[in-house]
Amino acid sequence: MSRSVLTMAGLVITAVDVHAAVTRTIRKGPATPMELTSATTVTKPPEEVYAFWRQLDRLPTFMAHLDEVRATDARRSHWKASAPFGQSVEWDAETTDDVPAQRIAWRSLDGADVPTPGRCASNPRRAGAAPRCT
């Protein structure tokens, strides 16, 4: 996967993160949970995108807020991320769906400070369609 594609994906994700932080800071009243969704279309073959996303330790190379992701077993991983005001957060996640060259999905485990579902999948209904990662 080219570095320019990864850099662009990282910039898009970072921009969405900054927008969410600013929006949340401006809100008045009691804090309420907020759902943030971002999607990126990657113009690479599904097999290549799946192989890249399957190696979780690569995610911090293009997701600016991630400091480290490491597999702890075949289905679980530990994540460390930068948070606002120089803070950091950590959580454990599990792979919830894994079909080679088609899709991979994950979610943070119950009790995590950061609920983080994610998914990267090709679109089998559109021949030659680029994978979409959210």
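The values are calculated or read from the model by the stated rules, or taken from the named source; none is laboratory data. Treat the numbers as computed from the prediction; the structure is a model and nothing was measured. Every residue, glycine among them, receives a Cβ derived from its backbone with ideal geometry; neighbour counts consider all protein chains shown. Remember, those area values only see protein heavy atoms, side chains included, never the ligands or the DNA or RNA. Shrake-Rupley method; radii C 1.70, N 1.55, O 1.52, S 1.80 Å.
Observations, loosely collected:
- Heavy-atom SASA rank of Phe85, Phe62 (probe 1.4 Å, accessible area, largest first): Phe85, Phe62
- Each residue of region 62-76 was assigned a 3J(HN,Hα) from its phi angle through the Karplus expression (A = 6.51, B = -1.76, C = 1.60, θ = phi - 60°), giving 9, 9, 4, 7, 7, 9, 7, 9, 9, 6, 10, 7, 4, 10, 10 Hz with x at Gly and Pro.
- Stretching the chain fully between Phe85 and Arg107 yields a gain of 5.4 nm (0.36 nm per residue, less the alpha carbon separation).
- Within-14-Å neighbourhood charge of Trp91 [Cβ basis; K, R +1; D, E -1]: -3
- Per-peptide average of other Cβ atoms within 10 Å, ordering 65-72, 100-107 highest first: 100-107, 65-72
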